[in-house]
1. Short version: ³J(HN,Hα) in whole Hz for each residue of region 72-86, in order, from phi by Karplus 6.51 cos²θ - 1.76 cosθ + 1.60 (θ = phi - 60°), x for Gly and Pro, what are they?
2. How fast does region 69-127 diffuse by Stokes-Einstein, in µm²/s, taking the Kirkwood radius from C-alpha pairs at 4 °C and 1.567 mPa s?
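Laboratory data are not the source of any read-out in this text; all were calculated from the coordinates shown. Keep in mind that this is a model prediction, so the values were computed, not measured.
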Amino acid sequence: MPPMGIFFTSPPASSVIVTTRRSSSTTASSPTTDRPTEEYRIPGKEHQEQMVQEVASGASAGTAPSTFSWGRFIVAVLLLVIVGAGAVYTAIDAKADKMQDMHGVLVHSFELLLGALVGLLTGESVHQ
């Protein structure tokens, strides 16, 4: 299962379905003895090679392209703006020692969030 992106979304892997055909096959009985014997077909060598070619051609065609999730990006930027505005407000009103400490924490939080946002965006876009 491919990793799930935060800002880029791709179609689920379950949308890719490999179908099997039941033709020119040998039959075998079910391995369980307590149930009624059911017969299932084992594909012949020609059919197996054909299935391999179909799967290989589907894999080389690639999957559907990923789409950028604008909603998640906007939420991340809004969180960054709120933390940045808080850092600016505490810098303006930094008369008390507690506000000075809060300013330092908010500035470092802003730096961390900005680095995480840029890192995730570039990492996921390169992974595409």
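1. Calculated HN-Hα couplings, in order: 5, 5, 5, 4, 5, 5, 4, 4, 5, 5, 5, 5, x, 5, x Hz.
2. Working: Rh = 12.4 Å.
D = 105 µm²/s.
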